[in-house]
């Protein structure tokens, strides 16, 4: 069954028309409607309890969307029933929900959509949690819930144990897959570091980024898809002057070509290797190795735009994976690595910021599940570059966003 706009579009882009378009849509295992917190014969705390149970069940299953302010008849959306002061109610519900969820669930997003003045609908976007199972706390006890079809059901102890083991196993598999994607880059770095005479030019620096979907997917038609351009554009804005510049890595790549179980774009020269890979399990890899050119120390530099550009590329390609998988909320585990083989100057535009000593820096595993998290990852990459120089203050006023 096709996803509705309310399930597909970023929360910030939802409109009243998207809510109206829900009329006639059935509830599913990932979509639920509720008219209000206190429907006929119910107390408001009963309505809140139903909301908490539904969110918990989505966290423990495959994620989902809960729409408050739309009535249903026999499981089919019937009418939009705007909730007074929806923005204020949404804030209160979000705070209350986070207070009762155990363990805490950061991957629940809430937005109020005004329909008539301040009255409107509240949408809860819930992503499948890697920290599951979750439970709802009430009066000293915790109950866990699971989504099956259109029902929210209690989990018994055996189900909780099974879900705990399965979630741990999935987390291990994700880390193993990330390590598998990183290994060729780390081996190449070690080779250049140990045997520079055999590789003609010693390594100057390298950047690697990779992501793995946290929910298993398959894109069997990947080889026939029209993929995004190899290197994306991203924006760096100085919030003090409000000046923004569109940036792109200087290292161009070739067009996407079919490879075993995926697509690959690459370009190799005497002085650098750059490549990108997308596989049919939704994994994404970007790799850049730059070699020292002769003995001219003036060429020993890394432009901050090139370093951040590699991470921007991997993020952009994962965004495309979400589109191909028709899973706009697909979360991924994301890791990037910075390697320097000799003393390298860091440039920002034409300005020398400082020198990076030889070494290998690897980020912790980060979660990428939205445009917001993309910007946060880009900003963290920028922060890490400047932290390696001991110049964190130079980073503070910048905002970085992926454009395309």
Handout entry: region 5-155: projected area of the alpha-carbon convex hull, averaged over directions, in nm²
Key = 8.3
Completion exercise
When all Cα-Cα pair distances of region 70-121 are considered, the percent exceeding 15 Å is 57
Exercise for the section: Post the alpha-carbon centroid distance, region 129-179 to region 336-354, in whole angstrom. Expected result: 43
Practice task
Answer rounded, prolate or oblate for region 346-386, using the Cα gyration tensor with square roots of eigenvalues a ≥ b ≥ c: rounded when a/c is under 1.5, else prolate when a/b is larger than b/c, else oblate.
Solution key: oblate
Completion exercise
Contact order relative to length for region 5-155, counting C-alpha pairs under 8 Å separated by 6 or more residues, stands in percent at 28
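Values in this text are rule-based calculations from the coordinates and carry no lab data. Quick caveat, the model's predicted, so the values are computed rather than measured.
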